[in-house]
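**Q** Sharing a structure here in structure tokens format.
The values are calculated or read from the model by the stated rules, or taken from the named source; none is laboratory data. It should be emphasised that the depicted structure is a prediction, and the values quoted were computed from it without experimental measurement. Cβ sites come from the backbone with ideal geometry, for glycine too, and all protein chains shown count toward neighbours.
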């Protein structure tokens with residue numbers, strides 16, 4: 001063979017091998033019957049790697065070339081990732097597509113485009129935990145406890161919180177029809193999506209029985225909520241507050257670190273929460289000091305007080321720092337992590353269950369109130385739970 005011909009032959013071999021690799025990668029299913037006929041040890045030697053990845057490529061190739069409608073590869077991949085997380089059987093573990101994850105990040109910073117509801121999975125059904133004030137949902141009459149069953153006619157059966165929320169989001173000013181089930185009746189709401197600013201704190205001074213009572217409604221636990229809660233309470237104490245009502249009703253939770261920060265405002269020392277993970281390993285989160293342990297306080301809770309809000313309520317109850325008034329909480333006693341992925345999305349998964357300082361695991365059970373009180377829906381002008389909280393402090 002002439003010497004000058006050898007480099008050409010090598011280059012040709014490399015090119016053919018490269019093109020064959022591309023073909024096999026895109027048409028893996030065409031050769032899979034031949035591969036499956038090979039002995040297992042030969043298959044492993046010729047095609048090293050993860051069998052699952054090979055199966056995914058095989059199925060993708062079959063669908064993209066043979067399915068009766070065009071198939072979007074990104075949709076297939078997102079579906080596979082959703083299925084992987086869904087196989088855990090955990091309603092709180094989800095895969096976020098890149099678009100979903102961007103919305104999650106906006107929510108953590110307090111703003112997104114949508115209709116203004118916060119959802120959680122309860123008894124296998126997407127349920128409204130809270131409806132934000134001055135939003136399309138609140139103005140239309142959607143309320144906590146409503147079960148969301150469809151969006152624009154698409155059933156939410158089998159879908160998780162992220163998928164349901166994604167269907168409700170969209171471009172600013174566009175329309176969406178949300179179908180809810182309430183008391184056995186299905187109701188359609190046609191809403192216009194708006195830019196939603198997530199409220200964090202509402203506070204006011206209430207004068208009752210000759211006392212000044214600081215009323216603070218903490219509506220969620222996004223970033224900096226602990227610092228904002230501290231600022232609101234210190235301001236009201238400076239204005240002469242002699243007692244404190246912390247309202248955690250309809251608080252769907254948020255970031256674990258923020259709940260520890262909030263509880264540490266009132267508990268100087270000791271455990272706030274312990275997280276029990278794999279192999280029953282426990283991590284204890286302690287109070288961070290610089291707490292106000294002198295101002296008398298009560299905490300208002302209800303069945304939609306969830307997650308991070310339950311951490312705060314449980315810590316204040318078990319430490320004896322506050323009296324809990326209202327109803328048993330939601331019972332979402334799991335701690336979750338969100339880790340970003342290489343495609344711009346993220347996976348949210350349960351990393352442990354949390355126990356109150358008294359060692360109580362409240363997942364699917366909830367935190368019990370010290371004084372059970374139910375707000376009477378037939379007297380909307382009177383907040384019976386708040387009234388009982390004021391009585392507790394002033395008497």
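**Q** Is it true that residue 188 is under 17 Å from the mean Cα position of the chain (by Cα), exposed (fewer than 13 other Cβ atoms within 10 Å of the Cβ) and either at pLDDT below 90 or over 28 Å from residue 393 (Cβ atoms) (or both)?
**A** no
**Q** Which one is farthest from the chain's Cα centre (by Cα), of the residues in the range 90-114 that are surrounded by fewer than 18 Cβ atoms within 10 Å (Cβ to Cβ), more than 21 Å from residue 343 (Cα to Cα) and at pLDDT 85 or above?
**A** Only one residue tops the list, namely 113.
**Q** With the structure loaded, tell me whether residue 120 is outside any strand (DSSP E or B) and either at pLDDT below 85 or touching a helix residue (DSSP H, G or I) at 6+ places or on another chain (Cβ under 6 Å) (or both) or whether it fails that test.
**A** No.
**Q** Could you tell me whether any residue of the range 262-281 is buried (at least 22 other Cβ atoms within 10 Å of the Cβ) and part of a helix (DSSP H, G or I)?
**A** There is at least one residue in the range 262-281 that is buried (at least 22 other Cβ atoms within 10 Å of the Cβ) and part of a helix (DSSP H, G or I).
**Q** So residue 395 fits all but one of (1) at pLDDT below 95; (2) farther than 18 Å from residue 206 by Cβ; what number is the exception?
**A** Condition not satisfied by residue 395: (2).
**Q** Among the residues of the range 234-244, is there at least one that is under 25 Å from residue 383 (Cα atoms) and in contact with a helix residue (DSSP H, G or I) (Cβ under 6 Å, 6 or more places away or on another chain)?
**A** Among the residues of the range 234-244, at least one is under 25 Å from residue 383 (Cα atoms) and in contact with a helix residue (DSSP H, G or I) (Cβ under 6 Å, 6 or more places away or on another chain), which makes the answer yes.
**Q** To continue, here is another question. Tell me whether the range 286-306 contains one or more residues that are assigned to a helix (DSSP H, G or I), modelled with pLDDT of 95 or more and touching a helix residue (DSSP H, G or I) at 6+ places or on another chain (Cβ under 6 Å).
**A** No: zero hits.
**Q** Moving on to the next point. Only one residue in 362, 338 is in contact with a helix residue (DSSP H, G or I) (Cβ under 9 Å, 6 or more places away or on another chain), crowded, with 22+ Cβ neighbours inside 10 Å and modelled with pLDDT under 90. Which one?
**A** None of the other options fit; the residue is 362.
**Q** For residue 30, all conditions in the list (1) in a strand (DSSP E or B); (2) at pLDDT below 85 hold save one; what is the number of the exception?
**A** Unmet for residue 30, out of (1) in a strand (DSSP E or B); (2) at pLDDT below 85: (1).
**Q** With 143, 87, 130, 138 as the choices, which residue is surrounded by fewer than 20 Cβ atoms within 10 Å (Cβ to Cβ) and within 18 Å of residue 305 (Cα to Cα)?
**A** Criteria check complete, one pass: 143.
**Q** Restricting attention to the range 308-331, report how many residues are more than 23 Å from residue 130 (Cα to Cα) and assigned to a helix (DSSP H, G or I).
**A** Total meeting the criteria: 2.
**Q** Then there's this: Checking residue 346 against (1) in contact (Cβ under 8 Å) with a residue 12 or more places away in the chain; (2) more than 30 Å from residue 79 (Cβ to Cβ), which single condition isn't satisfied?
**A** All conditions pass for residue 346, except number (2).
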